Amino acid sequence: MVYKIELRGDELHTKLGGGIPKNSLMLIEGKNGMGKSVLSQRFIYGLIKNNQTVTYISTELTVSSFMNQMESLSYDIKEAFLKQDLKFISLFPAIAEVHFKKNLIEELLEAEEIFNSEVIVLDTLGEFILQEGLTLKEIYQLVSFFNKLTSQGKTVIISMDPDAIDHHILQTFKKVSNVYILLETKEQYGNILNLIRIVRYSGARDDVEKDMAFKVRAGIGIVLELAS
């Protein structure tokens with residue numbers, strides 16, 4: 001079973017095997033500027049256009065900057081936002097002022113309504129919103145929290161920057177994620193391509209394209225290139 005993310009004139013839905021697998025934990029890994037947020041936002045828009053409910057938790061955007069960014073990509077989410085089919089949680093003000101005293105997960109658990117949506121997106125999970133020096137036990141507790149959500153029928157999408165997260169946390173999520181997407185660059189015929197590389201995609205309905213070259217274009221969003 002999958003959640004559709006189909007948009008008219010957009011092949012991403014098809015190339016990802018017909019959508020995002022339900023009850024799955026997805027990891028999107030990519031360095032700063034590689035397009036993690038834009039890909040997450042493309043998923044969000046596709047989900048709400050296909051009648052799914054989404055909670056988007058951002059550590060980088062305020063409500064106004066999120067709305068502006070979605071508008072610049074022609075991802076119209078105003079109606080979904082007003083109907084609360086799309087819930088946006090900004091952690092940016094808290095991060096800008098002070099570090100969290102507790103683990104991010106402990107903070108979020110105090111607002112259980114956040115997790116009522118079918119899909120929860122966390123963009124981006126980094127060390128500055130987690131306790132420093134997490135033990136292996138604490139890392140597994142963190143993973144168990146997200147696995148608990150998937151066992152309750154939720155799909156969880158988490159993005160991480162390898163330069164901004166503890167190595168053990170990243171490696172653990174790589175191992176346990178049902179879907180693992182790596183964003184990277186590759187040189188081809190003298191040109192630098194941005195790639196969506198599918199390392200793992202369990203639960204797809206159809207065949208999944210392993211490597212997809214893409215660009216981000218204002219007024220359009222993510223555009224897949226023939227070079228893929």
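Just so you know, all these numbers are worked out from the coordinates, no wet-lab data involved. Just so you know, these numbers come straight off a predicted model, no measurement behind them. Cβ sites come from the backbone with ideal geometry, for glycine too, and all protein chains shown count toward neighbours.
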Whole-Hz couplings from phi, Karplus 6.51/-1.76/1.60, listed for the stretch 54-63; x for Gly and Pro: 9, 10, 10, 9, 10, 9, 10, 10, 8, 4
Per-residue ³J(HN,Hα) for the stretch 18-30, Karplus 6.51 cos²θ - 1.76 cosθ + 1.60, θ = phi - 60°, Hz, x for Gly and Pro: x, x, 9, x, 6, 6, 10, 10, 10, 10, 10, 10, x
Net charge over other residues, Cβ less than 13 angstrom from the Cβ of Asp206 (K, R count +1; D, E count -1): -1
Potential extension, Thr185-Gln152 segment - 0.36 nm per residue separation minus Cα distance: 8.3 nm
Computed [θ] at 222 nm, helices only, for the chain once each DSSP H run of length n ≥ 4 contributes -39500 (n - 2.57): -9000 deg cm²/dmol
Taking the chain and dividing mean pair separation by its residue count, relative contact order in percent (alpha carbons under 8 Å, at least six apart): 30 percent
Distant-in-sequence amide H partners of Ile196 (H built 1.01 Å from N, under 5 Å): Met212, Ala213, Phe214
Leading residue at positive end of dipole, the chain (Cβ point charges), from Leu16, Ala80, Leu183: Leu16
Taking only Cα atoms of the stretch 108-228, radius of gyration then Dmax in Å: 16.7, 52
Calculated P(r) over Cα pairs in 10 Å bins from 0, in percent (choose from (i) 7, 30, 34, 20, 8, 0; (ii) 7, 34, 39, 17, 2, 0; (iii) 7, 26, 29, 22, 11, 4, 1, 0), label: (ii)
Within the stretch 1-31: backbone nitrogen closer than 17 Å to the Asp207 label point (7 Å, Cα to C-beta): 11-19
Chymotrypsin sites (Phe, Trp or Tyr not before Pro), loop per DSSP, at most 16 other Cβ atoms within 10 Å - longest free stretch of the chain: 1-99
Whichever aspartates and glutamates have a C-alpha closer than 12 Å to that of Lys154, once near sequence neighbours (fewer than 8 apart) are set aside: Glu118
Across Lys148/Lys210; Lys31/Lys186; Lys36/Lys137; Lys49/Lys175, pairs whose alpha-carbon gap is larger than 23 Å: Lys148/Lys210; Lys36/Lys137; Lys49/Lys175
Charge dipole (debye, nearest 20) of the chain; +1 at Cβ of Lys and Arg, -1 at Cβ of Asp and Glu: 540 debye
Net +/- balance of residues flanking Asn147 in space, Cβ distance below 13 Å, scoring K and R +1, D and E -1: +3
